[in-house]
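Single-structure report; data block below.
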Amino acid sequence: MENPQKFSPEKITSDLLPQPFGRRGKLWTAALLLVALIGAFAYIQQLRKGLVVTNMGDYVSWGIYISNFVFFVAISLVGSLITAIFRLADVPWRTPLTRISEIIAVSAITFAALIIIVDMGRPERMLYLFLHGRLQSPIMWDVIVISTYFCTSLLLLYITLLPDIKIMIAAREKLGTPFAKFYRWLGSFWKGTEAQEKIRNRSITLICITIIPVAFCIHTVTSWLFATTYRPGWDSTNFGAYFVSGAFLVGAGGVVVAMYVFRRVYKLEHYITERHFDKMGKILVMLALLYLYFNVNEYLVPAFKMKKDEEAHLRGLFTGEFAPLFWFAILVGMIIPIFILVFPKGRKPNAMFAAGVMVVVGAWFKRYLIVTPTLLHPFLPKFDAPARYSHYFPSWEEWAITAGSLAGVLLIITFFARVFPIISIYKTITDHDTELPS
Amino acid sequence: MSIEKSRREFIAAGLLTTMAAVACNSKKTPFTPEEDVQPSGEKVKLLSVDGEIIEVDKAFLKPVPHMPSVSNEEIRKGIPGKKFAMVIDLSRCKNLKKCQSACNHMHHVHSEQNWIKVYQMQDAEMTAPYFQPTTCMHCDEPPCVKVCPVDATFKRQDGIVLIDSDRCIGCRFCMAACPYSTRVFNWEEPELTADVAAQTYSAETSVPQKRGTVGKCDFCPDMTRMGMLPHCVSACPNGVFFFGDINEDSVTNGSETFRFSDLVKDKSGYRLMEDLGTKPSVYYLPPVNRNFKFEEGLKNDEPAAKKA
């Protein structure tokens, strides 16, 4: 008895309208704000003293800021997967997941851009990217595709929101005047006429078609920041596909975690059903297997040859300094979730939540392992440099800023869910009219 | 003689002040001193441009640099007609690190960092160890320049790769791209004395260095402009470093001069990581018939090791 199509439009509307924070919601938001504020404080320290507050050095010149950036870019790809690919493939059960994935995309790509500014030694010279930009540099490609993806994702989120804004303006008594004012400012022009609806549908289709190549670009270009150098572990033609597949995996994992949390907190059991978990579970298994496949290519092929420059790097990962983290990322980020999710019992919400968390946490450390160990194995020996440059463990400022950025992403999602319905009301109602009996 | 010098200085100072005043479009007349200098009361007699003897307060005299300043545009072009190269003779290196200390001193490199590194190398288990000083390779296909998003690091027509610290945004992509680990980053505010910090920045001197930007060996183009050798070359007592111009086909370490092409051919010169296709401007002569034993050189590391 859990199909939403059994409900009347009025019930769907009242179920899905944004609700004020409860006690837990307030606590959650306060905790996130606190973490974000500590991060902001650490960044002020960094602005005052320079990047010396980090534990980066001339060898590890990119640390967790960059791996966190790669993580954010990766997880933001999910917006294109769930919305665009599912829409173009006409996947009927996508409705309750699209908005969740779109807001993850927008918030993650926003903080990806911010964390890059945090990593800059001269953030005040950011405008030089436009004044003196060199199109030959992969960084410029990243600037271009990330800003394009940000705008496209935001547009997609906005256009799909329009009919819901109309519904919310109608429900202003329930939502309060300040909110109603905001909704009117956002979309009072939307009347839902046939002509408007036609334009909206065509725009969504167009954006969905364009956002897929842009999404592939953002993560391929991000992988090229590494693959265009000579360094062992980065110098790989496999990198673009390897990054994109990993991005879809972590993004899908992120959506699973988010749909579980929203389902519990907003009591959406009738909208996000066990069937959705089952389907997402199958997709997650497929993506984890795909990413595992690319990992086998990425590590086993060079390990078979063991070229001199690769050797120190690979041994460090397999059995050396980074081995615990490396096997953690492989096992927890891919293999254990695969074993949980191949069984129908593993695709129940609770087990899925656990698998989703594992995928996301594993993916975060995986990005760290892609960035840092390579830098510790330069071609020439580490020499005539301070001893502390031969190791890297992030300073408290780096941890605080990174945690702050993660909290920032969650804050955007939390505030979004406070102001907008996290499942499209309009789409749920119209699905009711059209959906075939399952 | 001192009056002669002061006269030149005075005229040059006057001209510079005029130019500065015009450039800044400030309200100052060319005759007001740049800063609020208090007259010392001590007068100096000078010959004016019109040939008259005039008296000026000593406090208003300002020393001017010996060389005319080079514009950023000229710096980015390089010295016309030149193609600089370096030859490092590994058979002569005794790990004295005079090159390193001279370079660090002249460029005010951070006390823990080095632009020149002297590696202890051993290519294979059974082969002999040797010392290998490395500078920036000033590649003809520089990977660092390729990846720079803002043209802060650039390749000049005379072959030198420089960094414009007024342009660098501190993204450190060039450090990841350089396979020779030659670049260092100013993680903190450089430790500079007040007079060094007050110098006008030039990408040719790399002084004063700036926080949040990348630094590296610059082949001392300020010295070459004056027809002098880079600091590492003149500091090395063993004549390890040869510097010169490929177009002239000659390199020198100050006391010996060789035809560059002959030297590199006769002594089987090579470049580091040739397989990467970076085409360095720094050539190495293999460590054969060495002047010193490797162990002897190791002793030179001891004081440095103690310091660390």
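The values are calculated or read from the model by the stated rules, or taken from the named source; none is laboratory data. Quick caveat: nothing in here was measured; it's all calculated off a predicted structure. Heads up, the Cβs are rebuilt from the backbone with ideal geometry, glycines too, and the neighbour counts pull from every protein chain shown. Note: accessible area is taken over every heavy atom of the protein model, side chains too, but ligands, DNA and RNA are not part of it. Shrake-Rupley method; radii C 1.70, N 1.55, O 1.52, S 1.80 Å.
Below, the figures for the structure above:
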item	result
Looking only at the stretch B:275-289, and only at residues there that are surrounded by fewer than 19 Cβ atoms within 10 Å (Cβ to Cβ) and either closer than 18 Å to B:V251 by Cβ or out of contact with any Pro (no Cβ under 8 Å at 6 or more places or on another chain) (or both), the one that is modelled with the lowest pLDDT	B:N289
Leading residue by the ranking (farthest from the other protein chains (Cβ to nearest Cβ)) among those in the stretch B:140-155 that are open to solvent by 10 Å² or more (accessible area, probe 1.4 Å) and assigned to a loop (DSSP other than H, G, I, E, B)	B:D140
Residues located in the stretch B:197-226, provided they are touching a Ser or Thr at 6+ places or on another chain (Cβ under 6 Å), closer than 30 Å to B:M121 by Cα and more than 14 Å from every other protein chain (Cβ to nearest Cβ)	B:D218
Any chance B:S261 is away from every other protein chain (no Cβ under 14 Å), touching an Asp or Glu at 6+ places or on another chain (Cβ under 6 Å) and within 30 Å of A:V52 (Cα to Cα)	no
Lone unmet requirement of (1) touching a residue at least 12 places away in the same chain (Cβ under 8 Å); (2) more than 30 Å from B:Y270 (Cβ to Cβ) for B:N114	(2)
Candidates A:V78, A:V70, A:V60, filtered to the one that is open to solvent by less than 10 Å² (accessible area, probe 1.4 Å), under 26 Å from A:L287 (Cβ atoms) and at pLDDT 95 or above	A:V70
The stretch B:119-178 - residue that is more than 16 Å from the chain's Cα centre (by Cα) and hydroxyl-bearing (S, T, Y) and, of those, nearest to B:K97 (Cα to Cα)	B:Y119
Restricting the stretch B:212-251 to residues that are out of contact with any helix residue (DSSP H, G or I) (no Cβ under 8 Å at 6 or more places or on another chain) and of a type in the set (S, T, Y), the residue that is farthest from B:P133 (Cα to Cα)	B:T213
Of all residues making up the stretch A:29-85, the number that are within 11 Å of chain B (Cβ to nearest Cβ), under 30 Å from A:L157 (Cβ atoms) and either among the charged types (D, E, K, R) or in contact with a Pro (Cβ under 8 Å, 6 or more places away or on another chain) (or both)	0
All positions within the stretch A:127-145 that are free of Cβ contacts under 8 Å to residues at least 24 places away in the same chain, facing chain B (nearest Cβ under 7 Å) and either open to solvent by 30 Å² or more (accessible area, probe 1.4 Å) or in contact with a Leu (Cβ under 9 Å, 6 or more places away or on another chain) (or both)	A:Y128, A:H132, A:G133, A:R134, A:Q136, A:M140
Residue within the stretch A:134-142 that is farther than 30 Å from A:K198 by Cα and of a type in the set (K, R) present	yes
Residue that is in contact with an Asp or Glu (Cβ under 8 Å, 6 or more places away or on another chain) and either within 14 Å of chain B (Cβ to nearest Cβ) or within 26 Å of A:I429 (Cα to Cα) (or both), where the choices are A:A252, A:A227	A:A227
Residue in the stretch A:346-360 that is within 30 Å of B:T182 (Cα to Cα), open to solvent by 20 Å² or more (accessible area, probe 1.4 Å) and in contact with a helix residue (DSSP H, G or I) (Cβ under 8 Å, 6 or more places away or on another chain) present	no
Some residue of the stretch A:42-50 being within 25 Å of the chain's Cα centre (by Cα) and at pLDDT 95 or above	yes
Selection from the stretch A:169-223 of residues that are within 30 Å of A:G240 (Cα to Cα) and without any contact (Cβ under 8 Å) to a residue 12 or more places away in the chain	A:L206, A:P213
The stretch B:167-196 - residue that is in contact (Cβ under 8 Å) with a residue 60 or more places away in the chain and closer than 28 Å to B:P80 by Cα and, of those, nearest to the other protein chains (Cβ to nearest Cβ)	B:Y180
